[in-house]
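Colleague: Right, I'll just put the structure down here and ask away after.
The values are calculated or read from the model by the stated rules, or taken from the named source; none is laboratory data. Model, not experiment: these values are computed from the prediction. Methodologically, a virtual Cβ is constructed for each residue, glycine included, from the backbone with ideal geometry; neighbour enumeration extends over all protein chains shown.
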Amino acid sequence: MKVLVYFSFVMLLILLFVRCRSSEEIVKFKPYKAKDYITKEIKVYEVKECLYPILDSIITKTEGCPMYQGLKNKIAFSFDILSDSTEFSIGVEYLPRFKNHARYTDAIFYYKGYDFYCGETFLDYFFKKTDRTIFINCIDSKKFQFEMHFRGDMDMFWWYNYINGQIINTTYGYCSEEPGGLILNK
């Protein structure tokens with residue numbers, strides 16, 4: 001009987017120690033160095049009037065967010081149209097931490113003093129091509145490790161669908177008055 005109790009106790013301890021192993025994965029991240037950056041030429045587009053009401057609304061909501069108050073020179077937006085899709089998203093980016101890496105940034109358009117960085121997919125309905133280009137410093141796509149999100153990143157985003165000539169908002173998340181609060185609507 002003593003042996004059975006002792007054996008049960010040892011097995012319980014072994015099981016407890018096996019379960020105590022951390023399930024968190026540690027990701028090693030090497031901070032980017034100057035040699036990891038390249039200069040990339042990107043196209044400048046002009047946004048068409050059909051997007052003005054949407055962009056005005058997004059800028060108003062962003063400027064009203066306490067987290068971004070007084071940070072106009074440090075905020076940009078990402079504008080991504082999914083390949084072979086009618087869906088597009090717009091997100092707020094905090095520039096000091098936003099690394100325009102070569103893999104995602106192919107163009108830019110300006111609206112009301114803000115920069116909107118874009119991927120490679122464009123719908124002619126939304127943009128006019130220009131002959132202008134600019135140069136940005138960005139992380140070389142060969143050196144890019146993974147997206148690191150910081151407080152404030154991805155707190156505000158909007159998803160839209162373009163169907164039958166209409167732009168329909170499908171999902172959005174915006175900051176609340178509570179610190180760290182994100183309100184998600186579908």
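Colleague: Which residues, counting only those in the range 53-66, are in contact with a strand residue (DSSP E or B) (Cβ under 8 Å, 6 or more places away or on another chain) and surrounded by fewer than 18 Cβ atoms within 10 Å (Cβ to Cβ)?
Modeller: Ile54, Lys61, Pro66
Colleague: Ok, one more. If you go through the range 143-158 one residue at a time, do you hit one that is basic (Lys, Arg), modelled with pLDDT of 80 or more and out of contact with any Leu (no Cβ under 6 Å at 6 or more places or on another chain)?
Modeller: no
Colleague: Okay, moving on. Considering only residues that are under 21 Å from Met67 (Cα atoms), modelled with pLDDT under 85 and not in a loop (DSSP other than H, G, I, E, B), which ones fall in the range 80-121?
Modeller: The answer is Ser89, Ile90, Gly91, Val92, Glu93, Tyr94, Leu95, Pro96, Arg97.
Colleague: Of all residues in the range 32-58, count the ones that are part of a helix (DSSP H, G or I) and closer than 19 Å to Phe135 by Cα.
Modeller: From the range 32-58, those part of a helix (DSSP H, G or I) are 34-36, 49-58; that's our starting set.
After this cut, where a residue has to be closer than 19 Å to Phe135 by Cα as well, the list is 34-36.
Looking only at that region, the number is 3.
Colleague: So Phe77 fits all but one of (1) part of a strand (DSSP E or B); (2) modelled with pLDDT of 85 or more; (3) closer than 29 Å to Lys142 by Cα; what number is the exception?
Modeller: Looking at each condition in turn, Phe77 falls short on (2).
Colleague: What pairs come up if the first residue lies in the range 41-67 and is among the hydroxyl-bearing types (Ser, Thr, Tyr), the second is surrounded by 13 or more Cβ atoms within 10 Å (Cβ to Cβ) and part of a helix (DSSP H, G or I), and their beta carbons are under 7 Å apart, counting only those six or more places apart or on different chains?
Modeller: Cβ pairs passing all conditions: Thr62/Tyr68.
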